[in-house]
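Data first, discussion second: the structure below is written as structure tokens.
The values are calculated or read from the model by the stated rules, or taken from the named source; none is laboratory data. Bear in mind that the values here come from a model prediction, so they are computed numbers and not experimental data. Cβ coordinates were reconstructed from backbone atoms using ideal geometry, including for glycine residues, and neighbour counts include every protein chain displayed. For accessibility, only protein heavy atoms count, side chains too; no ligands or nucleic acids. Shrake-Rupley method; radii C 1.70, N 1.55, O 1.52, S 1.80 Å.
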Amino acid sequence: MCLLQELLSHALPDTIEFELLHLQSPPRETHPIVLKRHQTTAVNNVIKSQHFFVLCSNKKVFYALEIYVYVTVKLSEVVDKLVFVSKADTNGYCDHNVSIKELTRVLLEYVLSIDPLHYLSKVLKLSKPQRDYTKAITQHTTTRRALRILKNRVSICQRYTPPTELLFSRFDRISPQWSCRLCLFTRSEPQYLFSESSQNPKKHVLPGNLLLKWWLSVVDQAITDKFDSFAHARIQIPGEETSVIDKYLRNCKSPNWEVGDIFNGEREDLAIFRLPVLPDDPKGRFLEQLVDEGRAKKVHLTDFWTELQIQQEFRLGATVSVIGVDGNLKPFTSHPARDNEIISPGSKKLFNMIKCYITGEEYDTEEGAFDAYANITDFLRLRFNRTLTCIQGKKISKRVVSNLLPSSGLNNQPLPFEAQTLSTTLVRKRPKK
Ligand code: ACO
């Protein structure tokens with residue numbers, strides 16, 4: 001049994017069988033996520049990879065989690081690992097009493113614990129045109145142009161196998177002081193990864209304030225479990241008074257929580273040189289907007305957070321927050337990730353294609369969850385001769401969830417597999433309405 005199987009089994013209800021897809025995109029070199037004011041002499045290499053987890057039961061997918069990892073290498077040593085939790089989503093088609101919070105915590109702690117060197121063994125580099133001098137960011141590049149270059153960098157990569165001496169001389173050392181950072185942005189939406197799932201009346205969507213508490217509790221537990229006692233834990237709710245934010249921290253177990261962010265900026269620092277640009281991140285979109293408006297060199301960190309709340313994405317009265325942790329992991333926390341617990345497609349294109357079997361489906365009815373499961377299992381079998389990872393739950397649960405009650409005859413009675421199976425060379429697709 002692999003480590004992740006063992007960890008998840010304790011978070012899933014006793015005797016019930018689940019299946020897990022753990023996809024990881026090929027790590028590739030990417031641009032620094034924070035814009036540098038001056039070119040420093042020591043060049044940092046930043047390696048990025050995406051984890052995509054999907055949980056299934058009764059031949060239906062029901063949960064997905066998207067996490068990005070950025071590993072920074074400086075002077076031949078790993079100095080930082082940043083874990084960015086991008087999206088968690090459910091579709092409401094789970095027939096069992098599963099604590100999604102517990103599931104999310106286990107997966108997050110698992111990713112936090114993966115040894116940073118795991119990401120550095122097979123790295124895809126940026127393709128040559130992007131390394132072209134005219135597109136490079138130097139100390140002469142204006143902020144406006146630099147951000148535009150970052151924004152427009154195409155994602156086409158070419159396979160790059162580092163020469164052996166590079167692999168062993170550059171990418172096998174970890175600084176004893178390497179830091180681990182975790183960051184996420186909480187905003188409730190009817191759906192993120194399961195399109196049309198908001199139309200499923202059984203889907204449970206936490207409203208903004210409860211989602212914030214939910215994530216706080218997940219991260220708080222992860223701090224206690226994985227970080228040493230000196231870690232900084234921060235929360236920022238754009239536009240909210242410190243006293244109000246403090247109230248959210250009352251129930252946290254870790255004493256390290258404070259109002260603020262982990263980006264180490266002073267109030268008067270320019271936001272553009274302090275805040276990271278992460279995938280699909282509203283902070284990053286606002287930074288780009290500042291550049292377009294020619295205000296990038298005028299907006300300081302304090303003004304940034306105040307102005308951010310006026311943005312469309314923050315305006316609708318829902319509580320949104322930016323949560324972060326910065327520190328060192330407890331000794332012996334890091335572990336290597338084993339091949340049998342990850343499906344690693346050889347290219348970003350293939351990774352996206354497999355992910356699309358989940359995210360490209362429509363989940364307004366249960367059929368979407370069945371189709372996604374059938375497509376993904378067929379594809380893995382045919383292309384990789386692999387199956388999803390089976391997990392037998394071991395947790396005795398006390399929770400009773402109302403959505404266990406079947407509203408249609410399909411609940412608790414999955415369609416026979418043969419009834420769903422088309423030709424194995426074809427992708428099942430429901431006729432569009
Ligand atoms: N009816 C009533 N209460 C329910 C139901 C239901 N059907 N399902 C769960 N609950 C209760 C649980 O009992 C639990 O209550 P407790 O805290 O008192 O124990 C609480 O809701 C949370 O239950 P979980 O199983 O932990 O989580 P949930 O099923 O709500 O899933 C999730 C959480 C994934 C955020 C879900 O709300 C969702 O899919 N939201 C839509 C997408 C979204 O907004 N994602 C977050 C984006 S932010 C980010 O990912 C960084």
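Please list, ordered by residue number, the strands (runs of 3 or more DSSP E) wholly in region 221-338 having 3 or more residues that are β-branched (Val, Ile, Thr). Before the answer, list the steps.
On the way: elements: 232-236, 257-259, 321-327.
Here the list reads 321-327.
Going through region 62-86 one residue at a time, which ones are surrounded by fewer than 19 Cβ atoms within 10 Å (Cβ to Cβ) and out of contact with any Ser or Thr (no Cβ under 7 Å at 6 or more places or on another chain)?
The answer is 74, 75.
Which one is nearest to residue 52 (Cα to Cα) among residues in region 340-380 that are among the acidic types (Asp, Glu) and in a helix (DSSP H, G or I)?
If we take residues in region 340-380 being among the acidic types (Asp, Glu) and in a helix (DSSP H, G or I), then 341 is nearest to residue 52 (Cα to Cα).
Yes or no: residue 182 near the ligand (Cβ under 10 Å from one of its atoms), of a type in the set (A, V, I, L, M), open to solvent by less than 30 Å² (accessible area, probe 1.4 Å) and not in a helix (DSSP H, G or I)?
No: the conditions fail for residue 182.
Residues are listed down the side, and each one gets a yes or a no for (1) open to solvent by 40 Å² or more (accessible area, probe 1.4 Å); (2) within 16 Å of the ligand (Cβ to nearest atom); (3) of a type in the set (Asp, Glu):
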{"position": "192", "(1), (2), (3)": "yes, yes, no"}
{"position": "212", "(1), (2), (3)": "no, yes, no"}
{"position": "216", "(1), (2), (3)": "no, yes, no"}
{"position": "230", "(1), (2), (3)": "yes, no, no"}
{"position": "242", "(1), (2), (3)": "yes, no, no"}
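Counting only residues that are crowded, with 17+ Cβ neighbours inside 10 Å and within 25 Å of residue 87 (Cβ to Cβ), how many does region 250-271 have?
Total meeting the criteria: 9.
For region 51-61, which positions are open to solvent by less than 10 Å² (accessible area, probe 1.4 Å) and either in contact with a Gly (Cβ under 7 Å, 6 or more places away or on another chain) or of a type in the set (S, T, N, Q) (or both)?
Matches in region 51-61: 57 only.
Every residue in region 211-243 that is over 21 Å from residue 88 (Cα atoms), in contact with a strand residue (DSSP E or B) (Cβ under 7 Å, 6 or more places away or on another chain) and in contact (Cβ under 8 Å) with a residue 60 or more places away in the chain, please.
Passing the criteria: 227, 228, 230, 231, 232.
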